[in-house]
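These notes are about the structure you will find just below.
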Amino acid sequence: MALLDRTEGGGAGVGRLTRRQAYEAQLRRRSNWIAAVSTLGVLLALVVLIPLAPGWEAVKRSFFNGEVFAQTFPGLLQAFLLDVAIFAWCAPLIALLGLAVALARDVRTPAAYPLRLAAIVYTDVFRGLPVILVIYLIGFGVPGLGLPRPWNSPYIWGSLALILVYAAYVAEVIRSGIESVHESQRAAAASLGLSERDTMRYVVLPQAIRRVVPANMNLFVALQKDVALLSFIGPVEIFRQAGVYKSLMANFTPYVGAAVIFLAITIPATRYADYLLNKERRARS
Amino acid sequence: MSLLELRGVEKAFGDTVVLRGIDLSVGRGEMVCLIGASGSGKSTLLRCMNLLEPIDDGEILLDGTDIAEPGLDPQPVRERIGMVFQSYNLFPHMDAAENVMLAPRRVKGLRREVLLPRVEALFERFGLTDRIHAYPDQLSGGQQQRVAIVRALAMEPEIMLFDEITSALDPELVGEVLDVLRDLRQQGMTMVLATHEMGFARELADKVCFLDAGAILEDGTPEEVFGAPQEARTQAFLRRVL
């Protein structure tokens with residue numbers, strides 16, 4: 001197991017190590033040993049010490065109950081499909097709105113100044129509010145206007161709240177990408193006679209979007225988690241379903257089940273985003 | 001009549017005056033070399049010529065029309081003036097052929113099928129045939145710069161501006177780029193170069209201008225400027241670089 005980064009000495013095979021290589025190999029072996037022993041020690045301490053806590057038996061019964069877990073897990077998985085569906089229709093709309101707002105902030109014609117101003121106010125407001133607050137205000141507020149079915153659905157207005165908040169973040173990320181494209185690219189495009197619009201569309205934006213894919217991936221991982229907040233205004237998605245099971249069975253294990261399901265999606269996605277980010281960083285250095 | 005004529009061009013960035021009353025005329029088919037120390041205003045002068053930088057005062061006449069007239073749309077002017085940069089500035093997300101075809105497609109509305117044979121011919125002319133679908137990061141500096149020249153040529157400009165296009169290249173790659181300029185010179189392209197390649201300027205330029213602190217201190221034929229410089233500053237500069 002490669003606990004620490006090991007860089008192999010260039011070319012020299014085993015048995016033909018120089019004195020320095022042998023010394024460095026010894027250092028590496030020692031580091032790996034120390035890391036392994038220390039990790040094992042911490043794990044052992046956790047496994048031994050936690051069950052010694054006075055409330056452990058009660059916690060084990062109500063949070064890590066295997067029977068309840070097995071009983072509720074399929075239902076939770078079913079409910080999670082709703083989270084995935086909400087995510088699936090929000091994500092493309094967020095991407096579109098985010099892009100539109102980012103472009104609006106970059107417009108330089110005086111006539112379009114109101115558009116630019118609106119974009120600035122929009123990103124400031126929605127990045128400045130807690131997501132749950134926006135969901136409450138829009139999710140309860142708009143249907144309160146007395147709209148007829150199906151226009152009073154919490155799915156519509158809850159989704160809109162998520163879209164508005166997340167598009168503000170995505171817009172800022174895209175804008176930072178646009179600004180990261182060097183001025184010399186715009187100069188080259190201008191010198192060829194390309195219009196500002198074509199320069200943005202064919203030269204700046206393709207480079208900017210590529211650069212901010214990892215950052216946006218992180219935002220979409222966060223979105224997948226925040227979908228659970230819609231449960232506060234009605235939809236029975238996984239978090240609400242876990243709550244229902246909790247009340248039925250007087251046991252908290254369904255929440256742990258829900259956590260497991262979220263992690264199964266978000267950890268691989270986060271790792272992948274980090275991988276892309278590192279690749280991007282290497283490509284640019 | 002000269003193809004490009006500058007009269008009393010002034011330019012400042014904030015409080016820093018970069019160009020102080022530049023007068024310069026470039027005849028059709030002529031090659032003019034701008035020499036001078038870094039910061040003397042060569043690059044800014046070139047960027048003013050195709051309106052990448054707005055000038056503060058003066059006139060820039062292209063074929064007799066003042067292109068620096070306030071309120072004039074710079075786009076049609078830039079189509080007629082090609083420019084090649086020190087750092088190549090190829091578009092990294094497009095292959096060489098797409099780099100070259102973008103402007104003719106979008107600005108002139110030409111179709112890919114029409115352009116491709118023309119682009120292939122240009123790539124062949126400059127020894128790039130096997131690199132036509134390579135991306136910029138797969139090309140050497142010399143190849144990138146040749147693609148950048150092809151990209152500017154594809155717009156069929158009346159005049160080409162070159163901003164120290166060999167300064168970022170490894171020494172062994174300079175020759176292949178200078179060969180391209182020689183080729184263009186023979187074809188009768190009108191060219192203005194900011195350059196540190198004194199040997200090249202001496203060999204091929206019709207006119208050499210020595211810039212110092214934003215003004216053309218001395219100009220003339222290569223024989224005059226390199227052979228018998230009149231100004232003390234010119235003499236000092238040439239002693240340092242030759």
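The values are calculated or read from the model by the stated rules, or taken from the named source; none is laboratory data. Model, not experiment: these values are computed from the prediction. In this analysis, Cβ positions are derived from the backbone assuming ideal geometry, glycine residues included, and neighbour counts consider all displayed protein chains. Surface accessibility is based on the protein's heavy atoms, side chains included, excluding ligands, DNA and RNA. Shrake-Rupley method; radii C 1.70, N 1.55, O 1.52, S 1.80 Å.
Before moving on, here are some points about what is shown:
- Scattering curve values for the stretch B:1-136, log₁₀ I(q)/I(0), Debye with Cα scatterers, q = 0.13, 0.19, 0.20, 0.22 Å⁻¹: -0.72, -1.15, -1.19, -1.28
- Antiparallel %, DSSP beta bridges [both residues in the protein assembly as shown], to 5: 55
- Per residue, in Å², the accessible surface of the stretch B:101-242 once ligands and nucleic acids are set aside, probe 1.4 Å: 45
- Positive end of the dipole of the stretch A:122-264 (Cβ unit charges, origin at the Cα centre): among A:153, A:234, A:252, the Cα lying farthest that way belongs to A:252.
- For the stretch B:191-205, backbone nitrogen atoms closer than 16 Å to the point 7 Å from residue B:25 Cα along Cα-to-C-beta are found at no residue.
- Averaging the sequence gap over all C-alpha pairs within less than 8 Å and six or more residues apart, then dividing by the number of residues, gives the stretch B:17-113 a relative contact order of 15 percent.
- Carbon and sulfur %, accessible surface of the stretch A:126-269 computed with the full protein complex present, 1.4 Å: 67
- Separation of the stretch B:120-141 and the stretch A:87-141, taken as the distance between their Cα centroids, equals 43 angstrom.
- Above 37 Å, the calculated P(r) of chain A contains 40 percent of its Cα-Cα pairs.
- Extension gain from residue A:259 to residue A:244, taking 0.36 nm per residue of separation minus the Cα-Cα distance: 3.9 nm
- Remark on the stretch B:125-242: hydrodynamic radius 15.7 angstrom, per the Kirkwood mean of 1/r across alpha carbon pairs.
- Filter on A:225/A:279; A:279/B:108; A:60/A:225 - keep pairs with C-alpha separation over 32 Å: A:279/B:108
- Plainly put, chain B has a radius of gyration that is 0.97 times its Kirkwood radius, both from alpha-carbon atoms, as the Rg/Rh ratio.
- Surface share of carbon and sulfur [accessible, 1.4 angstrom probe, percent] for the stretch B:67-176: 48
- Separation of the residue A:108 and residue A:147 label points, Cα + 7 Å toward Cβ, nm: 3.9
- Solvent exposure, largest accessible area first (probe 1.4 Å, DNA, RNA and ligands not counted), of B:93, B:133: B:133, B:93
- Dimensionless Rg over Rh [the stretch A:87-129; C-alpha; Kirkwood]: 1.06
- For the residues A:118, A:264, A:25, a GNM of chain A with alpha-carbon springs under 10 Å puts the largest fluctuation on A:25.
- For the pair B and A, total buried accessible area rounded to nearest 100 Å², probe 1.4 Å: 1700
- Estimated translational D of the stretch A:178-242 in µm²/s (Stokes, Kirkwood radius over Cα pairs; 37 °C; 0.692 mPa s): 223
- With N the number of residues in the protein assembly as shown, Rg(Cα) / (2.2 N^0.38 Å) evaluates to 1.37.
- Accessible area expressed per residue, the stretch A:31-130, with surrounding protein chains retained (probe 1.4 Å, Å²): 64
- Largest mean-square fluctuation among B:160, B:94, B:83, in a Gaussian network model of chain B whose springs join Cα atoms under 10 Å apart, belongs to B:94.
- Remark: spin-label model distance residue A:28-residue B:170 equals 3.0 nm, labels positioned 7 Å along the Cα→Cβ axis.
- Of A:74, A:51, A:214, the residue with the greatest mean-square motion in the GNM of chain A, using alpha carbon springs below 10 Å, is A:51.
- Inter-label distance for residue B:140 and residue A:283, nm, one decimal - labels placed 7 Å from Cα along Cα-to-Cβ: 2.6
- Rounded to the nearest 20, the Cβ-based charge dipole of the stretch B:85-145 about its Cα centre (Lys and Arg +1, Asp and Glu -1) stands at 360 debye.
- Globularity index of the stretch B:103-189, i.e. its alpha-carbon radius of gyration over 2.2 N^0.38 Å: 1.09
- Note that the stretch A:215-255 carries a Kirkwood radius of 11.2 Å, evaluated over its alpha carbons pair by pair.
- Debye, to nearest 20: dipole size of the stretch B:60-111, +1 on Lys, Arg Cβ, -1 on Asp, Glu Cβ: 260
- Cα lying deepest toward the dipole's positive end in chain A, options A:182, A:27, A:208, charges on Cβ: A:27
- Student exercise, the protein assembly as shown dipole from Lys, Arg, Asp, Glu Cβ charges, in Debye to nearest 20: 2840
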